[in-house]
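Mind looking over this structure? Questions follow.
The values are calculated or read from the model by the stated rules, or taken from the named source; none is laboratory data. Computed from a predicted model, the values in this text were never measured in an experiment. Note: ideal-geometry Cβ built from the backbone for every residue, glycine included; neighbour counts use all protein chains shown. When the accessible area is computed, the model is the full protein with side chains, heavy atoms only, and any ligands, DNA or RNA have been set aside. Shrake-Rupley method; radii C 1.70, N 1.55, O 1.52, S 1.80 Å.
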Amino acid sequence: MTEQTQQNLFGDESPWEVDDAELRTVAVVVFASGPQEEYDYLVPDTLLDVVQAGCRVKVPLGRGNRPMTGYCVRLETKPLGARRLKEIEDCLDDVPLVRPPLLRLTQWMSGYYLCEWGQVLESVVPAGVRMAAGTKLTTLLSLADEYRGKLAELPLPKKQKRVLEILQAALHAMTPQQLAAAAQCTLAPITTLRRKGMIRSQAVRLQTTEIEHPVHAREENHALNADQQQALDAVLDPLRGKRHETILLHGITGSGKTEVYIRAIQEVVSYGRQAIVLVPEISLTPQVRERFRARFGRVAVLHSHLTDAERHAYWQQISRGEVPVVVGARSAVFAPTPHLGLIVLDEEHESTFKQETAPRYHARDVALFRAKSENVPLVLGSATPSLESFARAKRGEFKLIEMPRRVYDRPLPDVLTIDLRHESRERGFRGAISRPLRTAMEKALADDGQVILLLNRRGYSTHIQCPACGESLKCPNCDISLTHHRHLAQALCHYCDYEIPAPRECPSCRSPEIRFGGYGTEKLEYEVNTRFPGYRCLRMDTDSMQKPGSHERALAQFREGEAQILVGTQMIAKGLDFPNVTLVGVVNADTALHLPDFRAAERTFHLLVQVAGRTGRGDREGRVLVQTLSPDHPAVQAAARHDYRMFADEELRNRAEWGYPPYSSMVRLVIRGPREPVTKEFAQYVGKLLTDATAAAGVPTKLLGPAPAPIARLRGLHRFHLQLQSTDAAGLHAAVHTTTAELKPPEDVQWIVDVDPLDML
Ligand code: ADP
Ligand code: ZN
Ligand code: ZN
């Protein structure tokens, strides 16, 4: 009988026929890197009380018994029969690092996003937690029990006796140093006593970093208006009924959505439960932090600038249930709250909720799974819901609640489009700011208002071209034009680290006529400073905001009125609440409109509506001027009318016609390698496998490609992509999974799978 058949026999045997003595505890272990399967290990008797699902374990792996750390995902009690299992060597966690709800969540992610369970676990548990940052291993000493009360009888030298007396009297265990100091002796007598077994020692990990929760000001609740009350009731209903429901809160900018979240969270907290609030990283401003702290006191704010030690300390506080509210970016969806009561995801349309490295998850979908599995409500809020969420609300999967009015019935700003084709033809205007925009700025500034100018391109000139030979300067590693950054006097690639001194002549024909064209925020700032010399202008983009805290400082300066004009990229379009802004200018609405991405119109619409929402938030009315070459584009038109329905209906029709999400599920594969022919050939091979696999499984699938990706070269690698669409999401995922599980790419060629991709470039 082979080992295999023997195993099967035992597997099939009914449990009551098995001798109890043969039942052993087996830990199923997965690894963050290396082997992809689940491995069984025997739990030795000494670790039976220690190893639990969700703990990390040290195990030997492979023929060489390489020591590895893995995650125990499950314990099973079963007969081993003739199977010889290796034993777990050690357990690294006293309490499970990942509790059952998060284990389920990560298992689902692994299946849905087609990545390894171990890899998901590794990314869910912050590095600072895994390495126990901000803690130190300390030895604590106490008197061995059998000597308690018997010290007088012991024939010991005076010093040693003194040490034991102190330990007996002490309320807590002591470190060797503390003990030596108290007994006024060296460490020597202590060491002797430990060796004799009269002193017990114990290694304990102590937290050295703690987190304070300063509250600068307490804030009272606003009396809710009717729209807010109706929205709150919609959240409280499932909350009180202890059931899951997803509420899509479509509330225009400034309608008071945050106030609704806060009220719902207050109720959750009153039950002794915890709430997770997810916001885009860029919205984690001190203003937002203070707003939650002012209401709840203890709030864990998880932003990207935390040190490992701070992150670990927060993790501990959260998992002990000590902080009622967790506010954070994408990854806060994994906060280890033991008593979850509610998840809120604000600005749910934001693409930053999608992680662009493996595991390529979307926090909205992860939050939905988690809320369902922990039976709590999920609130998705946005002024411009993603079409994915809106379609689900239309199908009745989500409950749609609308807040169509601003607080105090403040009017939405008038939005006017400026046709740039007309401006440049008729008026010969040069520069980035057209005459109507300039006039509006002068007026707003003269009335002591503030102005926000949005331009979603950084740098000074966005392309460098030679009119003599037509050559335009590209990155040698990427299929991307170089951007001129004037303050650095450099030409940079925005995708890799390539940079060269800004050229004075054409690199190919040596013509000195080389031209710097196109507008970035740096050039816009220059133009503003030239045209409005009496005013102070601030620029916010990733170049000017590199130092930690610079973002907050700039916002504070603008709030205080130290600057009157704020120029920036999409960074300034979101969430900012400055009552004195009376004019928003969109310098070029078309930057994203013509990208080869089926969401280009949606992105443009979101950006325009969001930036328009930055004005008219105080007592003064606001205006928005949008410069565009496509004033008739439906996305621009709908944004100008603040008409979400108009946009969504039209765009959903387009998506349905092309079978794009939300009317299908999409999976994108990107295959990249240094040698173009080899990479292309492998992409074609993968395409063939996928065609066969989906056909064999009977999954109706539309396959586009393989084709060169829109960015055909990146960081020296050629890129090909394949795009699969199907109405049968599970079938599609399964077919991709079986195809890629066995994939052996040629040397140097890599592939990635992106489920529900947002990045199409
Ligand atoms: P949103 O999140 O929908 O953009 P916010 O919740 O930030 O809107 O509310 C906009 C402003 O209105 C905030 O300054 C907030 O303090 C204020 N606000 C919200 N609700 C009320 C209310 N019921 N009464 C008075 N002011 C309110
Ligand atoms: Zn040239
Ligand atoms: Zn590059």
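Checking Val95 against (1) surrounded by fewer than 18 Cβ atoms within 10 Å (Cβ to Cβ); (2) over 42 Å from the mean Cα position of the chain (by Cα): exactly one of these is not met. Which one?
(2)
Test of understanding: among Thr208, Thr253, which residue is closer than 30 Å to Asp94 by Cα and touching a residue at least 60 places away in the same chain (Cβ under 8 Å)?
On the way: Thr253 fails: closer than 30 Å to Asp94 by Cα.
Only one candidate passes the filter, namely Thr208.
Report yes if some residue within the stretch 564-575 is over 30 Å from Arg645 (Cα atoms) and outside any strand (DSSP E or B); otherwise report no.
Taking every residue of the stretch 564-575 in turn, at least one turns out to be over 30 Å from Arg645 (Cα atoms) and outside any strand (DSSP E or B).
What is the residue count in the stretch 514-548 for residues that are in contact (Cβ under 8 Å) with a residue 40 or more places away in the chain and part of a loop (DSSP other than H, G, I, E, B)? If you could, list the steps in order and put the result at the bottom.
Here is the first cut: in the stretch 514-548, the ones in contact (Cβ under 8 Å) with a residue 40 or more places away in the chain are 514-528, 531-532, 535, 541-543, 548.
Adding the requirement that they be part of a loop (DSSP other than H, G, I, E, B) leaves 514, 518-520, 532, 535, 541-543, 548.
Within the stretch 514-548, residues that are in contact (Cβ under 8 Å) with a residue 40 or more places away in the chain and part of a loop (DSSP other than H, G, I, E, B) number 10.
Okay, next question. Which of the residues belonging to the stretch 240-277 are in contact with a Leu (Cβ under 9 Å, 6 or more places away or on another chain), away from ligand 1 (no atom under 16 Å from the Cβ) and either acidic (Asp, Glu) or over 17 Å from Val323 (Cβ atoms) (or both)?
His244, Glu245, Thr246, Glu267, listed by residue number.
I've got another one for you. Are any of the residues in the stretch 429-450 away from ligand 3 (no atom under 16 Å from the Cβ), touching a Ser or Thr at 6+ places or on another chain (Cβ under 6 Å) and assigned to a loop (DSSP other than H, G, I, E, B)?
yes
Which one of the conditions (1) part of a helix (DSSP H, G or I); (2) surrounded by fewer than 17 Cβ atoms within 10 Å (Cβ to Cβ); (3) in contact with a helix residue (DSSP H, G or I) (Cβ under 7 Å, 6 or more places away or on another chain) does Phe390 fail to meet, given that it meets all the rest?
Single failed check for Phe390: (2).
How about the stretch 82-140: which helices (runs of 4 or more DSSP H) wholly inside it have at least 1 residues that are more than 20 Å from Lys58 (Cβ to Cβ), out of contact with any Lys or Arg (no Cβ under 7 Å at 6 or more places or on another chain) and of a type outside the set (Ser, Thr, Tyr)? Working first, answer last.
Values: elements: 100-112, 117-124, 127-130.
Per the criteria, 100-112, 117-124.
Need at least 2 residues that are touching a strand residue (DSSP E or B) at 6+ places or on another chain (Cβ under 8 Å) and not assigned by TED's automatic domain parsing to the domain that holds Lys150 per element, so show me which helices (runs of 4 or more DSSP H) inside the stretch 177-279 make the cut, counting only ones lying wholly within it. Break it down stepwise before answering.
Details: elements: 188-195, 226-240, 257-270.
In the stretch 177-279, 226-240, 257-270 are the helices (runs of 4 or more DSSP H) which contain 2 or more residues that are touching a strand residue (DSSP E or B) at 6+ places or on another chain (Cβ under 8 Å) and not assigned by TED's automatic domain parsing to the domain that holds Lys150.
Exactly one condition in (1) of a type in the set (A, V, I, L, M, F, W, C); (2) part of a loop (DSSP other than H, G, I, E, B); (3) open to solvent by less than 10 Å² (accessible area, probe 1.4 Å) is false for Ala367; which is it?
(2)
Looking at the stretch 556-591 only, could you name the residues that are crowded, with 21+ Cβ neighbours inside 10 Å and among the aliphatic types (A, V, I, L, M)?
Ile565, Leu566, Val567, Ile572, Ala573, Leu576, Val581, Leu583, Val584, Val586, Val587, Ala589, listed by residue number.
How about the stretch 520-552: which of its residues are aromatic (Phe, Trp, Tyr) and over 16 Å from His487 (Cα atoms)? Spell out how you get there, then give the answer.
Filtering the stretch 520-552 down to residues aromatic (Phe, Trp, Tyr) leaves 526, 532, 535.
Listed by number, the residues that qualify are Phe532, Tyr535.
Count, please, the residues in the stretch 687-743 that happen to be within 16 Å of ligand 3 (Cβ to nearest atom), touching a Gly at 6+ places or on another chain (Cβ under 8 Å) and among the hydrophobic types (A, V, I, L, M, F, W, C).
Number of matching residues: 1.
Further question: Considering only the stretch 734-754, state which residues are open to solvent by less than 20 Å² (accessible area, probe 1.4 Å) and over 18 Å from Pro706 (Cα atoms).
None; the set is empty.
Could you grab the pairs with beta carbons closer than 9 Å, sequence gap of 6+ or different chains, first residue in the stretch 466-494 and farther than 19 Å from Arg719 by Cβ and within 16 Å of ligand 1 (Cβ to nearest atom), second one of a type in the set (Phe, Trp, Tyr) and assigned to a strand (DSSP E or B)?
Taking only residues 6 or more apart or on different chains, not a single pair turns up.
Which residues, taken from the stretch 464-478, are within 9 Å of ligand 3 (Cβ to nearest atom) and open to solvent by 60 Å² or more (accessible area, probe 1.4 Å)?
Of all residues in the stretch 464-478, those within 9 Å of ligand 3 (Cβ to nearest atom) come to 474-478.
The answer is Lys474, Pro476.
Shifting gears a bit: Does Val124 meet the test of being at pLDDT below 95, within 24 Å of His362 (Cβ to Cβ) and in contact with a helix residue (DSSP H, G or I) (Cβ under 6 Å, 6 or more places away or on another chain)? Reasoning before the result, please.
On the way: at pLDDT below 95: yes; within 24 Å of His362 (Cβ to Cβ): yes; in contact with a helix residue (DSSP H, G or I) (Cβ under 6 Å, 6 or more places away or on another chain): yes.
The answer is yes for Val124.
I'd like to know if the stretch 480-495 contains one or more residues that are within 16 Å of ligand 3 (Cβ to nearest atom), more than 29 Å from Met441 (Cβ to Cβ) and open to solvent by 70 Å² or more (accessible area, probe 1.4 Å).
yes
Then there's this: Do you know which residues across the stretch 322-336 are outside any strand (DSSP E or B), out of contact with any Lys or Arg (no Cβ under 7 Å at 6 or more places or on another chain) and open to solvent by less than 10 Å² (accessible area, probe 1.4 Å)?
Once the filter is applied, which keeps residues that are outside any strand (DSSP E or B), out of contact with any Lys or Arg (no Cβ under 7 Å at 6 or more places or on another chain) and open to solvent by less than 10 Å² (accessible area, probe 1.4 Å), the stretch 322-336 yields Ala332, Phe334, Ala335.
Here is a further query. Considering only residues of the stretch 646-702 that are closer than 29 Å to His349 by Cβ and of a type in the set (Phe, Trp, Tyr), which is surrounded by the fewest Cβ atoms within 10 Å (Cβ to Cβ)?
Trp658
Quick one: what pairs do we get from the stretch 312-333, first residue over 16 Å from Gly128 (Cβ atoms), second open to solvent by 10 Å² or more (accessible area, probe 1.4 Å) and of a type in the set (D, E, K, R), C-beta under 6 Å, 6+ apart or different chains?
Note: pairs meeting the criteria are Val323/Arg298.
Just to be sure before I move on: is Ala294 modelled with pLDDT of 95 or more, more than 26 Å from Pro126 (Cα to Cα), of a type in the set (A, V, I, L, M, F, W, C) and assigned to a helix (DSSP H, G or I) in the structure I sent?
Working: modelled with pLDDT of 95 or more: no; more than 26 Å from Pro126 (Cα to Cα): yes; of a type in the set (A, V, I, L, M, F, W, C): yes; assigned to a helix (DSSP H, G or I): yes.
Here the answer is no, as Ala294 does not meet what is asked.
Within the stretch 469-490, restricting attention to residues that are more than 13 Å from Glu522 (Cα to Cα) and of a type in the set (A, V, I, L, M), which residue is nearest to ligand 2 (Cβ to nearest atom)?
Step by step, filter the stretch 469-490, then rank; the result is Leu473.
Additional query: In the list Arg457, Arg510, which residue meets the criterion of being away from ligand 1 (no atom under 16 Å from the Cβ), in contact (Cβ under 8 Å) with a residue 12 or more places away in the chain and open to solvent by 70 Å² or more (accessible area, probe 1.4 Å)? Walk me through how you get there before you give the answer.
On the way: Arg510 fails: in contact (Cβ under 8 Å) with a residue 12 or more places away in the chain.
Just a single option satisfies the conditions, and that option is Arg457.
Residue by residue, here is whether (1) touching a Ser or Thr at 6+ places or on another chain (Cβ under 9 Å); (2) at pLDDT below 95; (3) of a type outside the set (D, E, K, R); (4) within 28 Å of Ala358 (Cβ to Cβ) holds:
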| site | (1), (2), (3), (4) |
| --- | --- |
| Ala133 | yes, yes, yes, yes |
| Thr139 | yes, yes, yes, no |
| Leu151 | no, yes, yes, no |
| Pro155 | no, yes, yes, no |
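Just to be sure, is Ala358 away from ligand 3 (no atom under 16 Å from the Cβ), open to solvent by 40 Å² or more (accessible area, probe 1.4 Å), under 22 Å from the mean Cα position of the chain (by Cα) and in the same structural domain as Leu278 (by TED's automatic domain parsing)? Reasoning before the result, please.
Details: away from ligand 3 (no atom under 16 Å from the Cβ): yes; open to solvent by 40 Å² or more (accessible area, probe 1.4 Å): yes; under 22 Å from the mean Cα position of the chain (by Cα): yes; in the same structural domain as Leu278 (by TED's automatic domain parsing): yes.
For Ala358, the condition - away from ligand 3 (no atom under 16 Å from the Cβ), open to solvent by 40 Å² or more (accessible area, probe 1.4 Å), under 22 Å from the mean Cα position of the chain (by Cα) and in the same structural domain as Leu278 (by TED's automatic domain parsing) - is met.
Sticking with this structure for a sec: Residue check: is Ala600 under 19 Å from Ala391 (Cα atoms) and touching an Asp or Glu at 6+ places or on another chain (Cβ under 8 Å)?
Values: under 19 Å from Ala391 (Cα atoms): yes; touching an Asp or Glu at 6+ places or on another chain (Cβ under 8 Å): no.
Criteria not met by Ala600.
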